[in-house]
Amino acid sequence: MNTHRATRPRLLLAAFAAGSLLLATACGGDEKPAQDEAASAPASSAAAAATPTATPAPTPTVKPTGADDPALKPFYGQQITWAACPPDAKAAEQKIDLSLMKCGKLHVPLDYTSPAGEAIDLALIKNPAAKADQKLGSLIVNPGGPGASGVETVKFGDKQFEGTLHNRFDVVGFDPRGTGESSPVTCLDDKQRDALNAEDTPADQAEARAQSEKHAADFAAACQARSGKLLPFVGTRNTARDLDVLRAAVGDQKLNYLGVSYGTYLGALYAEEFPKNVGRLILDGAVDPAAQALDASLGQIIGFEKSFERFAADCVEKHADECPLGRSSDKAARKAADFLDGLRDKPLPTKDGRKVGSALGWTGVTALLYGDEKTMWPYLRLSLLQAMKGGQGDALLAFADSYNGRDEKGHYSPDSEALVAIHCADGASPAPTAEQAQQAVQKLQQEAPLLAKGIGVEDFSEGSCTNWPFKTPEKPHTVRAEGAAPILVVGTTGDPATPYAAAESLAKGFASATLLTLQGEGHGAFGSGNGCIDAAYAAYLTEGTLPAAGATCS
């Protein structure tokens, strides 16, 4: 599944310091080419045309009452018109039978505090239960991001749901507001995204900081120019409200839900907003809603460093014949890191004419660290072998493109714009104190020296979303969800993108939750092919049976 994505460490810190632009730059996607004048202008031109101004945000303390609110009843009472899904060339190429699925739209208010105002439509897909006579209801899924498409997940990930889940549930995916085909946030065009993704961070720290600040300001201005009306309303709290409307529209009294990575944050806020409507929620690869942006960034950097080290040692010790990292497992990760850093000065050629510099090289590696020794590490070994021994960057570029949401024609998916917009709508962190910044640098030097190379205290001089066009009142907080049915939280010990500690924190915060642990590598347990995990999901969703306290799969 396409889940919450991290990026190269410097870009993570630039995202923290300068408004999350570079988090999107290496994390993925872009929008469809837009037609308006601002869309065709360079980002710097857009900045000159539309300097961001603070826009009032919808206030979370104005709490909609859901289906009991008379103004919202037309939305809760709507009937979804399910029809044949439109033709899809990629689905046809992969021999996916779309005739078995149905597509539709969900009508929701843009602003839940003013439901009589403008409304938007959310894209939906349904893979009906394989055993209709045994159907328990719907299982609504969110694959993470934020910004990833739930429609694409159900459409192309149908095999992941085969068996008990698809037999007993209509598997329903949706594109959250501001993403995919649901009024997507748009900021940059394909050429601008290509340029940003390929641009290496200068070696000089002052130049690197100036670069990230300029890009962040330009990006925020471009988003304001093209999607300013949407930006205050794309946060996860509003998506949680959409999720409750969807629950009612598919005819379920309680929400059955599978959220992976960022999808765990959406699930947590849903449980906070609508505890009495919680059915069976699986939150897999957890995001900690109480974590500050700085702490989350440091956790990801360290998580990817450890995963990178474990991959490199595995490469040398078990696959020496196809491993380009030498014969010392202690030095293997450094050898790979030095090579990737060196691509700034000696980029690799590719068949399509683009060059793979350090940014794209690291992005390709990061993408493959989301898997484990059985799924993605073999591709990472071969990609590095092609690059380090063969002098070609095609494999690294292919995985970087996939990670960035770029297709073979050079068009980008819209999820990276949504990632930044949702991140900044969900809460901005203040700048750390001088002491906190120094502690952060020391922690990275000790625990992630390879990936955090060159990061200094000045990288923490500002808070997150500094340049964003509106200010949100959302703050990190522990989610208790008092009154909700028991929730299943799942964490993987070697998860680089959402480290295991976040799953522990999320589960501990809930009033009623059980933590299931997967001992292993990779981001998220769902779809990993682990029989123990699959059995636990099936038992919980169909029977309500939770794993025993402290249960572990391996």
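Here are the numbers for this structure:
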| item | result |
| --- | --- |
| Percentage relative contact order, the chain, counting C-alpha pairs under 8 Å, at least six apart | 23 |
| Furthest towards positive pole of dipole, P289, P349, L325, structure part region 229-367, Cβ charges | P349 |
| Net charge dipole size for region 218-271 [Lys, Arg +1 and Asp, Glu -1 on Cβ; Debye, nearest 20] | 100 |
| Within the accessible area of region 276-396 (1.4 Å probe), percent carbon and sulfur | 50 |
| Largest to smallest accessible area among M376, M388 [probe 1.4 Å] | M376, M388 |
| Cα principal axis extents for region 139-269, largest first, Å | 56, 31, 25 |
| Inter-centroid distance (Cα atoms) of region 464-529 relative to region 65-133, Å | 26 |
| Positive-pole candidate from G137, A89, S512, dipole of the chain, charges at beta carbon | G137 |
| Convex hull (Cα only) mean projected area of region 177-246, reported in nm² to one decimal | 6.0 |
| Leading residue at positive end of dipole, the chain (Cβ point charges), from L110, G410, G173 | G173 |
| Per residue solvent-accessible surface (Å²) - region 141-296, probe of 1.4 Å | 27 |
| The chain: calculated mean residue ellipticity at 222 nm from DSSP helix runs of at least 4, using -39500 (n - 2.57) | -12500 deg cm²/dmol |
| Portion, in percent, of the accessible area of region 94-135 that falls on carbon or sulfur, probe 1.4 Å | 50 |
| Region 247-380: C-alpha pair distances exceeding 26 Å, % | 45 |
| Region 470-554, accessible surface, carbon-and-sulfur percent (1.4 angstrom probe) | 52 |
| Cross-link table K471/K508; K318/K374; K214/K475; K229/K471, entries beyond 19 Å C-alpha to C-alpha | K471/K508; K214/K475 |
| Beta bridges by DSSP in the chain, antiparallel share as percent, to the nearest 5 | 40 |
| Relative pair counts by distance (%), Cα atoms of the chain, 10 Å bins | 4, 19, 30, 28, 15, 4, 0 |
| Amide hydrogen neighbours beyond the local backbone of I120, cut-off 5 Å, H modeled | V108, L110 |
| Whole-angstrom gap from region 330-384 to region 240-287, using each part's C-alpha centre | 37 |
| Inter-label distance for D321 and K374, nm, one decimal - labels placed 7 Å from Cα along Cα-to-Cβ | 2.2 |
| Cα centroid separation, region 299-323 to region 156-174 (Å) | 33 |
| Extent along principal axes [Cα atoms of region 161-203; Å; largest to smallest] | 53, 27, 15 |
| Size of charge dipole - region 465-554 - debye, nearest 20, with Cβ of Lys, Arg +1 and Asp, Glu -1, no other charges | 340 |
| Charge dipole (debye, nearest 20) of the chain; +1 at Cβ of Lys and Arg, -1 at Cβ of Asp and Glu | 500 |
| 1.4 Å probe accessible area per residue over region 337-496, in Å² | 41 |
| For region 241-285, projected area of the alpha-carbon convex hull averaged over all directions, nm² | 2.7 |
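The values are calculated or read from the model by the stated rules, or taken from the named source; none is laboratory data. Since we're looking at a predicted model, the values are computed, not measured. Here Cβ is always computed from backbone atoms with ideal geometry, including for glycine, and neighbour counts include all displayed protein chains. Each accessible area value is taken on the protein alone, full model and side chains, heavy atoms only, with ligands, DNA and RNA left out. Shrake-Rupley method; radii C 1.70, N 1.55, O 1.52, S 1.80 Å.
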